[in-house]
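Read-outs: derived from the displayed coordinates by stated rules, not from any lab. As the structure is a prediction and not an experimental result, all values here were calculated from the model. Here Cβ is always computed from backbone atoms with ideal geometry, including for glycine, and neighbour counts include all displayed protein chains.
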């Protein structure tokens, strides 16, 4: 069995147009850091796509994907990574979402 590692990426999400009662975030879409345990980068990316679909979202893009430990070795990592990593460690089955940063216009993405 492959070794599970904590991966993170910056996801751009939009609510599915057919979903009328969407309340996860305000606006037309949002960027959010997502972390989850996975066997590889490809497995993490597939997991994020599935999670977005289950949350009635469209995954527009997923960028800056890397291992959480590698990201936190950089001087400019987001402070919220500390809490995200802590939650992921204590809840290894969960997908951990950071703060949603919404945009209000469709052409913002």
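Descriptive notes on the structure:
- Estimated distance in nm for a label pair at residue 24 and residue 104, the labels positioned 7 Å out from Cα along Cα-to-Cβ: 2.2 nm
- Report note on the peptides 37-44, 98-105, 14-21, 26-33: ranked by the mean count of other C-beta atoms within 10 Å, highest first, their order is 26-33, 37-44, 98-105, 14-21.
- Once Cα Rg over 2.2 N^0.38 Å is calculated for the structure shown, the corresponding label among (1) 1.39; (2) 1.07; (3) 1.55 turns out to be (2).
- Taking Cα atoms only, the orientation of helix 80-90 departs from the longest principal axis of the chain by about 70 degrees.
- Potential extension, residue 41-residue 72 segment - 0.36 nm per residue separation minus Cα distance: 9.5 nm
- Across the chain, C-alpha contacts under 8 Å between residues 6 or more apart give a mean separation that, scaled by the residue count, equals a relative contact order of 40 percent.
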